[in-house]
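Worksheet: the structure to be examined is printed underneath.
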Amino acid sequence: MALEEASETPRRATREEMRDAKLPLAYRDSCGHLLIPLNRCRFETYYMPWKCEDERHSYEKCQYVEFKKRVAKMNELREAKGGARSN
């Protein structure tokens, strides 16, 4: 499955790298290492959508994989509680 292939964790950006790149706090997650070059590309190409497609695709795929991991973890917790929802 594709999720297992993507589960290999690449080098993550350090707090200092994210701070230097001026990433907002909300975006300083495990995919921050992909957002830094994406934002740099966007800035250098004046935000032309067709210029940074590869970087954007990589970042969005990382976000999707992280979302799927969170959903799987929540389902695990829900099953451990016997199916009871937290809200």
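The values are calculated or read from the model by the stated rules, or taken from the named source; none is laboratory data. Being a predicted model, the structure only gives us computed values, none of them experimental. Here Cβ is always computed from backbone atoms with ideal geometry, including for glycine, and neighbour counts include all displayed protein chains.
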*Would you mind finding the one in P10, P37 that is modelled with pLDDT of 95 or more and within 14 Å of the chain's Cα centre (by Cα)?*
P37
*Within the set of pairs 6+ apart or on separate chains, which have a first residue in segment 26-52 that is assigned to a helix (DSSP H, G or I), a second that is crowded, with 19+ Cβ neighbours inside 10 Å and aromatic (F, W, Y), and C-beta atoms under 7 Å apart?*
L34/Y59; L35/Y59; L38/Y59
*Can you find a residue in segment 73-86 that is at pLDDT 95 or above and not acidic (D, E)?*
yes
*Output the residues belonging to segment 53-87 that are of a type in the set (K, R), farther than 18 Å from I36 by Cα and not in a loop (DSSP other than H, G, I, E, B).*
K68, K69, R70, K73, R78
